[in-house]
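My questions all concern the structure below.
The values are calculated or read from the model by the stated rules, or taken from the named source; none is laboratory data. Note that this is a predicted model, so its numbers are computed, not measured. Ideal geometry is used to build each Cβ from the backbone, glycine not excepted, and the neighbour counts take in all protein chains shown. Note: areas computed on protein heavy atoms with side chains; ligands, DNA, RNA excluded. Shrake-Rupley method; radii C 1.70, N 1.55, O 1.52, S 1.80 Å.
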Amino acid sequence: MLRIGYDARQLYNNFTGPGNYSRTLLSNLAEYYPDNAYFLYTPRLTRNEETQFFLNSALYNTHMPRRKGFPLLWQNFGIKRDLKRQRIQLFHGLNQSLPFGLSKTGIKSVVTVHDLIFKRFPKQYTFSRRLALDFRLKYACREADHIVAISENTRQDLLHFYEVPPEKVSVIYQSCHERYMQERSNKTLEAVRQRYQLPKEYILSVGAIIPRKNLSGVIKALSIMPASERIPLVVVGRGARHKQQILRLAKQLQISDHIHFADVRFNDLPAVYQSASLFVYPSLYEGFGIPILEALFSKVPVLTSDTASLPEAGGPGAHLTDPTQPEAIAEGIRKVLTDTEYQTRLIHDGFEHAQQFLGEPLSEKMIDLYEELIGEEYLTPEQIT
């Protein structure tokens, strides 16, 4: 039995990329390796349909500071006392950081690095935010016993910006929630479509509504397409400030009636994917791009960017395009929607490509890494009691 601790701040409080990564990883580890003890550490938590599973399951031990106030001090310093008291053998920082001084406790450590967006797109961050992110990641890379990169692109960024020894960084891809791997009935698809008043045919975009996701590129692409080839765009995501800019752009280009924003519940999202004619994700940069994987498992053709990690995520089942060229995006949309043979091939190849991201083999890789780092220090049930 292994006793493994996790930084669960994102798991309990973030409902986009890092949070999805944390929840999927922990649910898969407990599913395929239930004999281990999984300890989740967070200074606060949000209770909703995504986190309730971890709070209710006997497979997880959730721990918060015993004293209220100063959560950052506990997360970065005080947590070490709890880790030692609970006999944690390895601590996994799930979002690019580790507690300070952890290496002095004798507890092994792993840190997951998602992306270096603050290095590639520094103007999207304030100066103080860039300094904080850089300091936190540089420290984690130096102190961790091993680093997990969620894509080869992220690994190469780490080697470039931080000169980390190559042997210290492994690529272990992430999976997606198994709900996206379950085919929904036609009755369910229609019920969900009616619930959110979705059009019968639509292009789908899922992700935070921020400039880097390049939703504006899709809007511009739709505006230059012939009206006869244009179908509505359904957008699922949050980001109030940039959403207003998108709405103004759509109005300026006179295609407002083709844009539909939907606030979709987590459990309904697979049906929204499976009803789409095309999934578009022409982001300017991603550490991985988990919505692409969700679309591939949903057997929906994918259009994404030819940059960063996105070709890794999409593989042969994605139409790759230059995200900076609306004309290229428009041509890609037109080809996928009008070329039935090409569309069928993308769906088939995409679904086959997605099989390497199933939870069981990825969980095995992570457990193998833990066991290699911990070595022979296994605990029997008698030792624990």
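For the Cα atoms of the chain, what angle does the longest principal axis make with the long axis of helix 186-195, in degrees from 0 to 90, nearest 10?
Orientation of helix 186-195: about 80 degrees from the principal axis.
Then there is this: Considering Cα pairs under 8 angstrom that are at least six residues apart, work out the relative contact order of segment 293-352 and quote it in whole percent.
On the way: 84 pairs, mean separation 24.2, N = 60.
About 40 percent, as a whole number.
Separate question: Sort segment 1-83 into rounded, prolate or oblate with this rule: let a ≥ b ≥ c be the square roots of the eigenvalues of the Cα gyration tensor; rounded if a/c is under 1.5, and if a/c is not under 1.5, prolate when a/b is larger than b/c, oblate otherwise.
On the way: a/c = 1.89, a/b = 1.27, b/c = 1.49.
Since a/c reaches 1.5 but b/c is at least a/b, the shape of segment 1-83 is classed as oblate.
Something else: Let me check the size of the chain from its C-alpha atoms; what are the radius of gyration and Dmax in Å?
Spelled out, the Cα radius of gyration and Dmax of the chain are 21.7, 71 Å.
Please give the peptides 319-326, 211-218, 247-254 ranked by average Cβ packing (other Cβ atoms within 10 Å per residue), highest first, as a rough proxy for protection. If you can, show how the numbers build up before the last one.
Values: 319-326: 19.4, 211-218: 21.6, 247-254: 13.5.
Top of the packing list down: 211-218, 319-326, 247-254.
Apply the Karplus curve 6.51 cos²θ - 1.76 cosθ + 1.60, θ = phi - 60°, to the phi angles in segment 277-285 and return the couplings in whole Hz, x for Gly and Pro.
7, 7, 10, 10, 8, x, 5, 7, 6
Follow-up. What FRET efficiency do you get for PHE77 and ARG129 if R0 is 25 Å and r is their Cβ-Cβ distance, rounded to the nearest 0.05? Spell out each step's value before the answer.
Details: r = 22 Å, r/R0 = 0.86.
So, using R0 = 25 Å, E works out to roughly 0.70.
Any idea what angle helix 127-143 forms with the longest principal axis of the chain, computed on alpha-carbon atoms, 0 to 90 degrees, nearest 10?
Computed tilt is about 50 degrees.
Now for a separate question. If you average the sequence gap of Cα pairs under 8 Å that are 6 or more apart and divide by the length of segment 210-323, what percent do you get for the contact order?
Numbers: 162 pairs, mean separation 27.8, N = 114.
Computed value for segment 210-323: 24 percent relative contact order.
Tell me, in nm to one decimal, what length is gained between GLN355 and THR340 on full extension, where the rule is 0.36 nm per residue of separation less the Cα-Cα distance? Don't skip to the end; give the middle numbers.
On the way: separation 15, 0.36 × 15 = 5.40 nm, distance 2.34 nm.
Answer, rounded to one decimal: 3.1 nm.
Moving on. Roll a 1.4 Å probe over the protein chains and send me the accessible area per residue for the chain in Å². Don't skip to the answer; put the middle values down first.
Working: 18080 Å² over 385 residues.
About 47 Å² of surface per residue is accessible.
Between ASN61 and PHE161, what is the label-to-label distance in nm when each label sits 7 Å out along the Cα-to-Cβ direction?
Label at ASN61, label at PHE161, 3.5 nm between them.
Considering the Cα positions of segment 102-200, please state its Rg to one decimal place and its Dmax as a whole number of Å.
For segment 102-200, the Cα-based Rg and Dmax read 20.0, 59 Å.
Give me the Debye-computed log₁₀ of I(q)/I(0) at q = 0.17 Å⁻¹ for segment 218-289, equal point scatterers on Cα only, no solvent, two decimals.
Log10 of I(q)/I(0), two decimals: -0.76.
Another question, then. Would you please calculate the Kirkwood hydrodynamic radius of segment 1-155 over all C-alpha pairs and express it in Å, rounded to one decimal?
Details: mean 1/r = 0.0621 Å⁻¹.
Final number for the Kirkwood radius of segment 1-155 is 16.1 Å.
Round to the nearest 0.05 the FRET efficiency obtained for SER256 and SER103 when R0 = 41 Å and r is the Cβ-Cβ distance. Mind showing how you got there, number by number?
Details: r = 55 Å, r/R0 = 1.34.
The computed FRET efficiency comes out at 0.15.
Mind scanning LYS104/LYS168; LYS119/LYS365; LYS68/LYS138 and naming the pairs with a C-alpha gap bigger than 25 Å?
Values: LYS104/LYS168 19 Å; LYS119/LYS365 28 Å; LYS68/LYS138 29 Å.
Pairs exceeding the cut-off: LYS119/LYS365; LYS68/LYS138.
Please compute the length gained on full extension between THR188 and GLU327, using 0.36 nm multiplied by the number of residues separating them and subtracting their Cα-Cα distance.
Numbers: separation 139, 0.36 × 139 = 50.04 nm, distance 3.56 nm.
The span from THR188 to GLU327 would gain 46.5 nm if fully extended.
If you line up the long axis of helix 152-162 against the longest principal axis of the chain, both from Cα atoms, how many degrees apart are they, to the nearest 10?
Orientation of helix 152-162: about 60 degrees from the principal axis.
Below 16 Å, Cα to Cα, which aspartates and glutamates can LYS243 reach? Residues fewer than 8 away in the same chain don't count.
The qualifying aspartates and glutamates are ASP257, ASP263.
Taking the simple approach of a point 7 Å from Cα along Cα-to-Cβ for both ALA208 and ASP263, what is their distance in nm?
Result for the modelled spin labels: 2.0 nm.
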